[in-house]
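The values are calculated or read from the model by the stated rules, or taken from the named source; none is laboratory data. Model, not experiment: these values are computed from the prediction. Cβ coordinates were reconstructed from backbone atoms using ideal geometry, including for glycine residues, and neighbour counts include every protein chain displayed.
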Amino acid sequence: MIEYRSFRNDDPPRLADVWRTADLGPCGFQPMTSAWLEACVFSKPYFDRDGLVVALDGERVVGFAHAGFGPSADHSAIDTALGTTMLVVVVPHEQHAAIGDALLARCEDYLRRRGTRTLMGGATPNLGGFYLGLYGGSNLPGLLDSSPHMQQVFRRAGYVEAERLAVMRRPLAGFRPPVSRLQLSIRRATTLRVIDEPARRDWWEAATTTGIALRRYELRDESESILGSGTFWDMQPLATAWGVHAAGLMRIDIDDGRRRLGYANYLLAEALHDLAQEGVALAESHVSEANEAAIKLFFKLGFEATSHGTVYRRP
């Protein structure tokens, strides 16, 4: 008989074993250890043991699921009105589907008790706040197509697609920024600042990126006003498991009045060139398929879609 309970302090080694045994696809970090789970999950200031549900077959842990929330509008605290079940991880088992379904149902119960009004499936940069570097790549992409068992759990429960995300990658060996009259004019009128370990913008960014190395590129005009910025991170530990030095683009921001003027193209190209000069071999970013302008920009700079993820919503 399968039993279910909340997380306990002696669970991490057994959860790491479940992670290693389950099929999470190529974007699940391996080999998982309890130390990595501690760094990326249990040490977060908003971790709630009741949100992590564990499935046991006798004394053996055979699965777990984890539910969490996003930030408030000002990114200063957790907002429980919108909640998600980030992952449902189950080892090969004769009751695999039933275990996954029961774990999801218990996560939903937890979210409702905390006041959640909208139930989602999968983690995103602004929803969940765990597993960056352990699942998904440069950011949190919902549930990847390479994790079909997890996607099926949500579909069986009646969840529908809310958003599709493309995982975009580009090798950086020999990368050169494109040259055009527009790019040259931007170069003459601006300065690119490189800031290692920049101050975090708000509480949410500080909480979700603790322990990882950030690099921010700021594009400034002659008056030192910031026209736009791009934030990358050194994709550890996942990139180590791939055997490549990779950088993940977390966000790119262009001032509202400066959009569609070529600044995003210039900023991203110059940042990629700088990373390539420092030995970074691969750049990755996640882009919503609904953001046609961003998709076009990444293709223009030589990125390719290598995988896709889905964020789910329960009607």
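To keep it simple, each residue is scored yes or no on (1) within 15 Å of the chain's Cα centre (by Cα); (2) under 30 Å from ARG112 (Cβ atoms); (3) buried (at least 21 other Cβ atoms within 10 Å of the Cβ).
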| position | (1), (2), (3) |
| --- | --- |
| THR210 | yes, yes, no |
| ARG220 | no, no, no |
| GLY248 | yes, no, yes |
| ARG251 | yes, no, no |
| ARG258 | no, no, no |
| ALA271 | no, no, yes |
| GLU278 | no, no, no |
| PHE299 | no, no, no |
| PRO315 | no, yes, no |
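If you go through segment 19-55, how many residues are within 11 Å of VAL91 (Cα to Cα) and hydrophobic (A, V, I, L, M, F, W, C)?
4
Could you list, in sequence order, the residues of segment 167-182 that are modelled with pLDDT of 95 or more and out of contact with any Ser or Thr (no Cβ under 8 Å at 6 or more places or on another chain)? First the steps, then the outcome.
Pass one, segment 167-182, residues modelled with pLDDT of 95 or more: 167-172.
Listed by number, the residues that qualify are ARG170, PRO171, LEU172.
Within segment 174-211, how many residues are in contact with a Leu (Cβ under 7 Å, 6 or more places away or on another chain) and within 21 Å of HIS75 (Cβ to Cβ)? Steps first, answer last, please.
Kept after step one, since they are in contact with a Leu (Cβ under 7 Å, 6 or more places away or on another chain), are these residues of segment 174-211: 175, 190, 192, 197-198, 208.
Still in the list and also within 21 Å of HIS75 (Cβ to Cβ): 197-198, 208.
Here the count works out to 3.
Under 8 Å by Cβ, and 6 or more places apart or on different chains, what pairs join a residue from segment 246-259 that is among the basic types (Lys, Arg) with one that is surrounded by 15 or more Cβ atoms within 10 Å (Cβ to Cβ)?
ARG251/PRO125; ARG251/GLY230; ARG251/THR231; ARG258/LEU227; ARG258/GLY228
Could you check how many residues of segment 207-250 are assigned to a loop (DSSP other than H, G, I, E, B), over 17 Å from ASN265 (Cβ atoms) and among the charged types (D, E, K, R)?
2
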